[in-house]
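The values are calculated or read from the model by the stated rules, or taken from the named source; none is laboratory data. Since we're looking at a predicted model, the values are computed, not measured. Note that we place each Cβ from the backbone using ideal geometry, even for glycine, and neighbour counts take in every protein chain shown.
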Amino acid sequence: MTNTVSGVAATLAILLTSVAPVAADWRADFGTYNVGLLGGENEADRLRRYDCFANLLGDALGVPVELFPASDYAGVMQGLLAGQLHQAGMGASGYAGVYLQDSDAVSPVLTTKNVDDSLGYYSVIVTRADSGLASLDDLQGQTLAFADPNSTSGYLVPRSELERAGIDTETYFESTGFGGGHEQGVVAVLQGQYDAAATWSSMMGEASEGYTRGNLRRMVDNGLLDMSEVNVIWQSSLIPNGPTVLRNDLPEEARQLVIDFHLGMKDNHPDCYADTVGGDGNGYAEVDHGFYEGIVAMREAELAGSR
């Protein structure tokens, strides 16, 4: 009997030591998954467009998703740096600003694809159609609204490209300012508060619809703009589409679930995809830091010049 008992005990000991301990599920103490929404569009419209996204992503992750709309780009940047946000869709310059403050905080993992699978867009300058301002030459001595100091297409790229073309934005225009976001800048032009505004567009598709994607398209879709009211008088070189960034301290399973959700979103949830990207596109593509190195260098030069 003693030998039998000891034999069973030995067998149990072998079985127990051969079974790996089960890792605790990261969801147990995770709380909410927090997604930052950039400014540039009124808060009610942002939350309406992203309501389906929060519900669907929460189902995919198995934890509640909370949306945090910021009044400006800096709010999302600081939320990511402080670890209060886990994810955000950003412009390339906003990502560069985060990277230059803490290169280990976040990583770009995805960007949106255009209808032809290309991965870029343009900064544009618009004026009122009835203003008589039809070119950059016409804008000399006029007023220009940038969108936000952390905006790629609404500040960094137009200012940089105009300077390279020999236009000193401090002296060429009567004055420049920040409209408070892309939508607000264009509204300020429509209301006569500024003569021109910098914003963004895919510059693909029907001009009368505001093109396939961009702030102009979003404003048309929201009933805030008729394209017959504005002229597009300047267009930048191609800018890399902005990234979806994730905090680097996310659990690996959560990170992969988020990436997989986005990659399948256009096929699995086409209506929600259209709401969140604002216009027409062809899903998401995976990217990394290398895709944004040019913008990071541009942002670094901008910061160096302002010191």
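Some notes on this structure:
- The listed residue being over 23 Å from Ala285 (Cβ atoms) and crowded, with 21+ Cβ neighbours inside 10 Å, out of Gly97, Gly79, Gly39, Gly83: Gly39
- Filter result (part of a loop (DSSP other than H, G, I, E, B) and surrounded by 18 or more Cβ atoms within 10 Å (Cβ to Cβ)) within the range 189-202: Tyr194, Asp195, Ser202
- Residue check for Tyr95: more than 30 Å from Glu302 (Cα to Cα), touching a residue at least 24 places away in the same chain (Cβ under 8 Å), in a helix (DSSP H, G or I) and under 16 Å from the mean Cα position of the chain (by Cα): no
- Within the range 165-183, the residues that satisfy the criterion of being outside any strand (DSSP E or B) and small (Gly, Ala, Ser) are Ala165, Gly166, Gly179, Gly180, Gly181.
- Some residue of the range 281-288 being assigned to a strand (DSSP E or B), modelled with pLDDT of 95 or more, touching a strand residue (DSSP E or B) at 6+ places or on another chain (Cβ under 8 Å) and more than 28 Å from Gly83 (Cβ to Cβ): no
- Some residue of the range 120-133 being without any contact (Cβ under 8 Å) to a residue 24 or more places away in the chain and either in the same structural domain as Val287 (by TED's automatic domain parsing) or not in a loop (DSSP other than H, G, I, E, B) (or both): no
- Restricting attention to the range 203-238, the residues that are in a strand (DSSP E or B), hydrophobic (A, V, I, L, M, F, W, C) and surrounded by 22 or more Cβ atoms within 10 Å (Cβ to Cβ) total 1.
- Screening the range 239-274 for residues that are within 23 Å of Ala92 (Cβ to Cβ) and polar (S, T, N, Q) and picking the one that is surrounded by the most Cβ atoms within 10 Å (Cβ to Cβ) gives Asn241.
- Lone unmet requirement of (1) touching a strand residue (DSSP E or B) at 6+ places or on another chain (Cβ under 7 Å); (2) surrounded by fewer than 17 Cβ atoms within 10 Å (Cβ to Cβ); (3) not polar (S, T, N, Q) for Val126: (2)
- Across the range 138-170, the qualifying residues are those that are farther than 21 Å from Tyr292 by Cβ and among the hydrophobic types (A, V, I, L, M, F, W, C), and the one among them that is surrounded by the fewest Cβ atoms within 10 Å (Cβ to Cβ) is Ala165.
- Within this structure, Gly40 passes the test of being modelled with pLDDT under 85 and closer than 27 Å to Ser103 by Cβ.
- Subset of the range 105-119 [within 16 Å of Leu246 (Cβ to Cβ) and outside any strand (DSSP E or B)]: Ala105
- Check on Val186, farther than 21 Å from Pro149 by Cα and assigned to a helix (DSSP H, G or I): no
- Residue list for the range 171-180, restricted to those being surrounded by fewer than 24 Cβ atoms within 10 Å (Cβ to Cβ) and either of a type outside the set (S, T, N, Q) or touching a residue at least 24 places away in the same chain (Cβ under 8 Å) (or both): Tyr172, Phe173, Glu174, Ser175, Thr176, Gly177, Phe178, Gly180
- Going through (1) crowded, with 19+ Cβ neighbours inside 10 Å; (2) not in a loop (DSSP other than H, G, I, E, B) one by one, Glu66 falls short only on (1).
- Counting only residues that are part of a loop (DSSP other than H, G, I, E, B) and more than 17 Å from the chain's Cα centre (by Cα), the range 134-150 holds 5 of them.
- Any hit, the range 151-164, residues being modelled with pLDDT of 95 or more and not in a helix (DSSP H, G or I): no
- Test result for Asp137, modelled with pLDDT of 95 or more, out of contact with any Lys or Arg (no Cβ under 9 Å at 6 or more places or on another chain), of a type in the set (Asp, Glu) and under 27 Å from His262 (Cα atoms): no
- All positions within the range 239-262 that are assigned to a helix (DSSP H, G or I) and within 16 Å of the chain's Cα centre (by Cα): Val258, Ile259, His262
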